[in-house]
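Structure record follows, encoded as C-alpha cells.
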C-alpha cells in the first residue's frame, strides 16, 4: 500500500534503531507487558481495556508485540501491526518463545490493509498514534472499529512537549515551546512524531464518530523507575503528566 514520505522515513528510522531499542527496553517491556507508559503503570490499576477475553484487538505500532502477547495469553484474539519489518522480526521471536501465533501486519497505521469493522479494541502504548499523522490514523481507527468499539492509546502529553527545551535537550519546569503550533515533531534520527493541542484532539475524535470516555493522566509512584531515561525526570513526572491515555469509543 502507498506510504507517506514521513511514514517511510519513520520506517527506515525504526528499522535502523530496532535492535538497540529492544536491547535496552525489551526485558522490562516483557516483564511488565500488561502495563502502560514509560513508567509501566499496570493495566490492573488503570483498567483501560477491561476484560479482553474473546475480543478482537489490534495493536498499532506493536514493536516486539510484548503487549499483544500478554493480551493473547489473557484470551484476546490479537493482531499486531508495525511500520518496521525489523520490529516485527523481534515480535516473531517473542511469539515463538511464548508458543503463540497471531497475525503480524507490516504497514503504517495511516493506511491499514485490514477490513472495516474488524476489531472491538484498537490500542497502542506510545506506538503508532505517536508516530503517524493523527489526521490519517484517527479516521483509520474509526473505520476499523466495530460500533461501540474502543480506541485507547498512551502517548506523550502536550504539556511535556511544550516543556521540552531544545537548548538543553531536557524537560524543563517552565513552558518553552509553542502550544498552538504542535503538530509534527522532528526527531534526531530523521523520524517524525506527532502531537496536537487537547482541543484539536477532541475535535478530531468527534469528527470521526469517536466519543471521549476518559483521559488518564499517569502519575508514577515515588519509587518508580524507567528504562526511558531522559523522557522526563521522576520528580517532574510526579508534578506534571508526562504521558497519558486517551479512551474514545465509536458511537
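Read the figures in this text as sums done on the coordinates, not as results from a lab. None of the values given here were measured: they were computed from a predicted structure. So basically every Cβ, Gly included, is an ideal-geometry build from the backbone, and we count neighbours across all protein chains shown.
Label point 7 Å out from residue 111 along Cα-to-Cβ: which residues of region 129-149 have amide N under 18 Å? Once the point is set 7 Å along Cα→Cβ of residue 111, 129, 131-144 turn out to lie under 18 Å by backbone N, inside region 129-149. Within the chain, antiparallel bridges make up roughly 55 percent of the DSSP beta bridges whose residues both belong there.
Distance from the Cα centroid of region 42-74 to that of region 200-251 is 17 Å (rounded to whole angstrom). On the beta carbon distance between residue 251 and residue 180, with R0 = 30 Å, the FRET formula returns roughly 0.60.
Distance between the pseudo-spin-label points of residue 217 and residue 3 (7 Å out from Cα toward the beta carbon): 3.7 nm. What is region 32-136 by shape, rounded, prolate or oblate, if you read a ≥ b ≥ c off the alpha carbon gyration tensor as root eigenvalues and call it rounded for a/c under 1.5, prolate for a/b larger than b/c, and oblate otherwise? The shape class here is rounded.
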